[in-house]
Amino acid sequence: MQDPRIRIAAAAVLSLSAFISLHGAAAVFLWWVVFTPRCRLARRFPLVLSLVLMIAFFSIVLEIFGGGGLSYFFRMTVILLTGMWIYDEQKSGEFLAAGVWLFGQKTGFELGMVAEMGMQSLVSVAADLERIRMAEEIKGISWGVRSLVPAGLVLVHGALVRAEDNAELLAVRGYQCGGTLCPKFLTSTSDIVAGVFVVVVLIFSLVPVSEFFILYR
Amino acid sequence: MSATGSFHEGVHLVSGDVGCGKSTLALIMAGFFTLSEGTIERKGIKSCILSLQFPELSVTGLTVAEECASWGVDTDKILDSTGLHGRENESPLSLSRGELKRLHLACVLDQEYDLLLLDEPFSSLDCREKARLCDRIGYKKGDGITIIFTHEQNILPRVDRIWEISGQALVDCGRPPDAFFRWRHVPPVIIRLIASGQTPDNLSLDDLREAECRIHG
């Protein structure tokens with residue numbers, strides 16, 4: 001999907017649809033199968049697997065103590081897949097462009113820049129995590145539960161240092177509020193088709209399933 | 001980037017501009033990245049240690065003492081050599097970048113290895129610490145293969161061979177002092193000495209001082 005406006009809106013609406021109802025989550029999953037390049041996720045398979053396992057753990061806890069764990073697992077997994085898709089497709093500067101287009105040069109610029117910084121931080125955290133695992137391998141430490149606390153501390157420390165550096169840079173350059181940007185977008189036919197189906201998915205998720213399946217009543 | 005070459009016992013210097021691929025080459029040599037083409041043959045290399053550019057990413061201990069222990073080195077000896085006695089219970093992340101780099105390098109250089117890869121070992125160190133590190137590398141000479149990846153231009157150790165990454169390829173400049181005439185990244189001080197008719201024997205401060213003395217008679 002080329003147009004970041006449709007992509008961001010699609011991700012928000014799909015996440016909402018998956019969250020609203022179980023059949024909505026099923027529709028989002030179908031949308032994801034049809035409209036996203038799923039093979040790219042294969043490259044991130046270990047990360048996807050570890051996140052799915054984490055969701056599975058909380059789902060089991062929920063199922064045991066309150067029920068609805070299976071529904072939670074399916075909906076959260078679909079939201080995760082949507083998140084992975086937008087993370088994979090997003091290019092630097094697109095949040096800024098979409099923010100300015102939507103909310104203007106002041107508030108939009110601010111929101112877009114915050115989103116860009118968030119994405120940049122995610123990329124840096126992923127790169128740091130890769131280096132941390134290398135360092136552990138060099139030291140002969142196998143990755144496990146005991147690695148989580150030191151690795152987490154290093155990641156948080158790195159994120160705080162980068163945030164401070166960014167804040168200093170903005171202050172030194174005299175940044176106060178807003179900016180100037182003339183965003184340009186490329187919209188393909190497939191973007192529009194995918195966008196229309198996102199709306200269909202939302203409507204489907206809002207309508208009770210019994211309205212579709214008469215036998216269910 | 002393409003690289004062809006044989007690294008024999010001794011100290012090798014790989015120079016190049018920032019972002020030219022030195023760290024990537026170091027990670028490939030350490031076996032963390034796979035090659036798109038070709039092979040790496042390691043003869044007689046049983047142990048390999050890579051010192052990552054950013055020392056905080058190598059931190060796995062919650063205290064300075066734990067960090068030393070994670071490398072399997074004598075904590076007291078390391079604290080003595082780095083001047084960190086009395087700070088063994090502090091978090092390694094509370095140390096300054098220079099202090100942490102000193103601690104990291106002391107732990108790395110205390111290991112037994114056949115292949116030692118140092119990625120930007122001089123970054124974050126002051127002149128005195130850089131000189132100390134050069135002495136330490138010289139002292140370890142004969143223990144195997146040491147490869148230093150750096151863009152440092154002022155304080156360097158005595159090396160056996162100089163390489164540089166130029167035009168996305170690894171170039172063997174040869175042994176000093178002959179290498180100085182083929183080396184694109186030759187330090188300005190050596191250019192000045194050669195222009196004065198005195199070519200230093202090697203890169204260390206002693207070699208440069210000796211060449212300087214020859215100029216002044």
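Nothing in this text is a laboratory measurement; each read-out follows from the coordinates by a stated rule. As the structure is a prediction and not an experimental result, all values here were calculated from the model. As a convention, Cβ positions derive from the backbone with ideal geometry for all residues, glycine included, and neighbour counts pool all protein chains shown.
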Which ones in the stretch A:150-192 are within 30 Å of A:Trp31 (Cβ to Cβ) and without any contact (Cβ under 8 Å) to a residue 12 or more places away in the chain?
A:Thr189
Looking at (1) over 22 Å from the mean Cα position of the chain (by Cα); (2) within 14 Å of chain B (Cβ to nearest Cβ); (3) assigned to a helix (DSSP H, G or I), find the lone condition where A:Ala167 falls short.
(2)
Every residue in the stretch B:61-72 that is under 22 Å from the mean Cα position of the chain (by Cα) and either crowded, with 18+ Cβ neighbours inside 10 Å or over 16 Å from B:Gln111 (Cα atoms) (or both), please.
B:Glu67, B:Cys68, B:Ser70, B:Trp71
Take the residues in the stretch A:117-142 that are within 20 Å of B:Pro92 (Cα to Cα) and under 25 Å from the mean Cα position of the chain (by Cα), then tell me which one is farthest from the other protein chains (Cβ to nearest Cβ).
A:Val125
Matching residues in the stretch B:176-190 - criterion: being in contact with a helix residue (DSSP H, G or I) (Cβ under 9 Å, 6 or more places away or on another chain) and outside any loop (DSSP other than H, G, I, E, B):
B:Phe180, B:Phe181, B:Val189, B:Ile190
Kindly indicate whether A:Leu70 is part of a helix (DSSP H, G or I), closer than 30 Å to A:Lys184 by Cα and hydrophobic (A, V, I, L, M, F, W, C).
no
For the stretch A:171-196, what are the residues that are of a type outside the set (Phe, Trp, Tyr), surrounded by 11 or more Cβ atoms within 10 Å (Cβ to Cβ) and in contact with a helix residue (DSSP H, G or I) (Cβ under 9 Å, 6 or more places away or on another chain)?
A:Gly178, A:Gly179, A:Leu181, A:Pro183, A:Thr187, A:Ser190, A:Asp191, A:Ile192, A:Val193, A:Ala194, A:Gly195
Any residue in the stretch B:90-111 that is loosely packed, with under 14 Cβ neighbours inside 10 Å, more than 14 Å from chain A (Cβ to nearest Cβ) and either closer than 24 Å to B:Lys22 by Cα or of a type outside the set (Gly, Ala, Ser) (or both)?
no
Somewhere in the stretch B:73-88, is a residue touching a residue at least 12 places away in the same chain (Cβ under 8 Å) and within 14 Å of another protein chain (Cβ to nearest Cβ)?
yes
Any residue in the stretch A:80-100 that is of a type in the set (Asp, Glu), within 14 Å of chain B (Cβ to nearest Cβ), assigned to a helix (DSSP H, G or I) and surrounded by 19 or more Cβ atoms within 10 Å (Cβ to Cβ)?
no
Test set (1) assigned to a helix (DSSP H, G or I); (2) surrounded by fewer than 20 Cβ atoms within 10 Å (Cβ to Cβ) - B:Val18 fails condition number
(1)
Odd one out for B:Ala26 among (1) within 13 Å of chain A (Cβ to nearest Cβ); (2) outside any helix (DSSP H, G or I)
(2)
Here is a check on your reading of the model: is A:Ile64 touching a residue at least 24 places away in the same chain (Cβ under 8 Å) and either loosely packed, with under 15 Cβ neighbours inside 10 Å or of a type in the set (Val, Ile, Thr) (or both)?
no
Going by the structure shown, is B:Cys173 buried (at least 21 other Cβ atoms within 10 Å of the Cβ), more than 25 Å from A:Glu136 (Cβ to Cβ) and either in contact with a Lys or Arg (Cβ under 7 Å, 6 or more places away or on another chain) or among the hydrophobic types (A, V, I, L, M, F, W, C) (or both)?
yes
Consider B:Leu13 against the criteria (1) part of a loop (DSSP other than H, G, I, E, B); (2) buried (at least 20 other Cβ atoms within 10 Å of the Cβ): it satisfies all of them except one. Which criterion is unmet?
(1)
Quick one: is A:Met117 over 26 Å from B:Phe54 (Cβ atoms), of a type in the set (A, V, I, L, M) and either in contact (Cβ under 8 Å) with a residue 24 or more places away in the chain or in contact with a strand residue (DSSP E or B) (Cβ under 8 Å, 6 or more places away or on another chain) (or both)?
no
Of the residues in the stretch B:150-204, those that are more than 16 Å from B:Gly5 (Cβ to Cβ) and polar (S, T, N, Q) come to B:Thr150, B:Gln153, B:Asn154, B:Ser196, B:Gln198, B:Thr199, B:Asn202, B:Ser204
Identify the residue in the stretch B:38-59 that is of a type in the set (A, V, I, L, M, F, W, C), within 14 Å of another protein chain (Cβ to nearest Cβ) and out of contact with any Ser or Thr (no Cβ under 8 Å at 6 or more places or on another chain) and, among all such residues, is surrounded by the fewest Cβ atoms within 10 Å (Cβ to Cβ).
B:Cys48
Please work out which residue is farthest from the chain's Cα centre (by Cα), limiting yourself to the stretch A:1-58 and to residues that are of a type in the set (D, E, K, R) and buried (at least 16 other Cβ atoms within 10 Å of the Cβ).
A:Asp3
